[in-house]
Amino acid sequence: MNHRIARWAVYFLCLLLDASVAASLYRGYLTGWFLLPVAVGITLLTLYDRLQGKHALLRNYPLLGRLRYLLEQIRPEMRQYFFESDTDGRPFSRRQRAVVYQRAKDVKQTVAFGALDNMYEPGYEWAAHTAFPTKVKAEDLRVNIGNAQCDHPYSASLLNVSAMSYGALSKTAIASLNGGAQIGGFAHNTGEGGISPYHLQHGGDLIWQIGTGYFGCRDEKGNFSPETFTTAAAAPSVKMIELKLSQGAKPGKGGVLPAAKNTPEIAAIRNVKAGVSVLSPAAHTAFTNEYEMLAFIQQLRQLSGGKPVGFKLCIGRADEFERICMAMVNTGIYPDFITVDGAEGGTGAAPLEFTDSIGMPLYDALALVINLLRHYKLKQHVRIMASGKVITGFDIMKVLAMGADACYSARGMMLALGCIQALQCDSGSCPVGVATQEPTLYQGVNVADKRVRVANYHRNTIAALAELMGACGFASAEKVSPAALYRRVTRTDIRSYEEIYAPKQPLAVSYQLLEAKS
């Protein structure tokens with residue numbers, strides 16, 4: 001049902017209820033005068049829901065939204081027969097969503113009556129703790145990004161807001177994420193849609209992502225514009241630049257900004273003409289191979305005044321990444337960071353075939369990237385950011401064990417904003433106003449409240465990571481070892497991450513190193 005129709009239907013029914021009860025009492029059809037306060041109370045509750053600023057769902061769907069919260073409170077022994085269990089939801093279970101909500105609201109973060117997972121089923125994972133725990137300070141869990149070729153390294157949190165553009169998310173959602181980043185001291189990736197005023201609203205640190213459309217740094221023909229880039233990159237909030245090659249949710253596919261969504265505001269942000277469809281192609285036009293890409297990265301680093309520059313990709317062909325490594329060796333140009341996006345990453349809209357069947361999952365991709373970088377002795381120059389269904393402290397510790405230096409979370413941050421996993425991101429009708437451009441919906445997102453929730457979620461998750469590391473005896477993020485993480489492969493076969501993902505034999509060089517220097 002259209003959200004406007006639903007809202008007005010509730011208002012009309014409330015007024016009809018009030019009028020019918022009053023008329024019946026007046027004519028003597030009813031003797032229970034207590035019904036009138038009940039009817040008036042329902043009406044007042046509806047108005048309160050519409051005017052309050054804490055819950056976007058109630059604000060957008062007065063009274064109706066309370067049915068959802070009522071169902072959430074049904075006792076577990078009844079819910080298991082009629083609704084999803086705590087562990088069945090996809091892509092995130094109810095148990096996973098609940099921990100994000102609790103951390104965002106800064107309420108209890110404990111669970112009762114033990115684990116719900118069957119620990120003897122294949123796929124179960126755990127960490128080996130120590131009898132002699134150590135103390136880890138959450139505030140120390142940061143990493144410097146920027147090698148010797150970078151003039152302005154950035155001290156990044158181990159958990160940051162993943163790439164989500166203004167357009168994919170609402171202006172109030174973007175402003176809330178940036179406000180949370182400012183409060184919590186972590187970075188906010190802009191997504192490839194350019195730097196909007198809402199990314200700058202609260203002064204949170206930005207990682208400016210540049211995609212194939214070069215939005216925010218393009219000329220009239222859609223090609224990269226050094227002059228426009230230099231101006232935008234000089235903004236104090238821009239701490240790093242990320243060149244997007246591909247994303248896990250739809251690797252190898254571009255996109256189209258439909259004319260209907262290309263408003264004058266969006267057009268100004270993206271440096272395009274308003275009211276026309278705008279193509280974001282699958283491939284870059286500024287370079288065509290690994291050598292040209294590294295030269296472009298060096299150009300971006302110089303034009304930005306020496307800020308850290310890296311690239312993001314979902315791994316497809318292993319030999320292509322090895323070619324990139326060899327190009328680094330031959331040219332001596334090292335990106336400051338590489339973002340590895342797993343195929344399990346999400347997006348607001350992608351064809352099913354791309355979402356389900358294209359790209360390498362995160363842990364396999366991390367193993368490939370880390371092993372090749374170490375093989376070519378490049379890891380000391382390049383930091384690794386990991387992205388793909390990272391929402392808890394244990395998720396972060398797993399990617400650290402794989403060799404990542406920091407990570408992103410997109411859907412975790414959306415859940416902290418109030419996302420209820422309605423799976424309506426591509427419809428324009430997100431019920432909580434996060435992934436929509438409909439004013440009557442996104443106005444339900446109270447920025448002052450939601451930015452605090454985003455900061456709370458980050459702070460509590462990093463604190464959980466610190467406790468996990470301490471329990472396992474890891475004094476720092478660099479000490480997290482794959483040998484301490486285990487996965488049940490079959491009911492009787494248990495392997496450590498080190499056994500699963502470390503090379504079984506020395507990596508073979510697929511190509512001869514080119515003698516000519518580019």
Could you check, for the range 154-163, whether at least one of its residues is crowded, with 21+ Cβ neighbours inside 10 Å, touching a helix residue (DSSP H, G or I) at 6+ places or on another chain (Cβ under 6 Å) and on the phi > 0 side of the Ramachandran plot? no
Go through the range 131-225 and tell me which strands (runs of 3 or more DSSP E), entirely inside it, have 1 or more residues that are over 27 Å from Lys479 (Cα atoms) and of a type outside the set (S, T, N, Q). 205-210
Single match in Thr436, Thr440 (criterion: assigned by TED's automatic domain parsing to the domain that holds Asp336, among the polar types (S, T, N, Q) and either in contact with a Ser or Thr (Cβ under 7 Å, 6 or more places away or on another chain) or within 29 Å of Glu121 (Cβ to Cβ) (or both)): Thr436
Out of all the residues in the range 300-323, is one or more touching a strand residue (DSSP E or B) at 6+ places or on another chain (Cβ under 7 Å), assigned to a helix (DSSP H, G or I) and either charged (D, E, K, R) or crowded, with 19+ Cβ neighbours inside 10 Å (or both)? yes
How many residues are over 22 Å from Arg383 (Cβ atoms) and assigned to a helix (DSSP H, G or I) when one looks only at the range 454-482? 11
Restricting to the range 285-324, what's the tally of residues that are among the aromatic types (Phe, Trp, Tyr) and closer than 23 Å to Ser387 by Cα? 2
Hits in the range 129-146 (condition: more than 19 Å from Pro335 (Cα to Cα), hydrophobic (A, V, I, L, M, F, W, C) and surrounded by 12 or more Cβ atoms within 10 Å (Cβ to Cβ)): Val136, Ala138, Leu141
In the range 314-361, what residues are modelled with pLDDT of 95 or more and of a type in the set (Gly, Ala, Ser)? Ala327, Gly332
Tell me, please, whether a residue that is within 26 Å of Ala410 (Cα to Cα), of a type in the set (Gly, Ala, Ser), crowded, with 16+ Cβ neighbours inside 10 Å and without any contact (Cβ under 8 Å) to a residue 12 or more places away in the chain can be found in the range 279-296. no
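The values are calculated or read from the model by the stated rules, or taken from the named source; none is laboratory data. Small disclaimer: the values here were computed from a predicted structure and weren't measured. Neighbour counts are summed over all protein chains in view; Cβ atoms, including those assigned to glycine, are modelled from backbone coordinates with ideal geometry.
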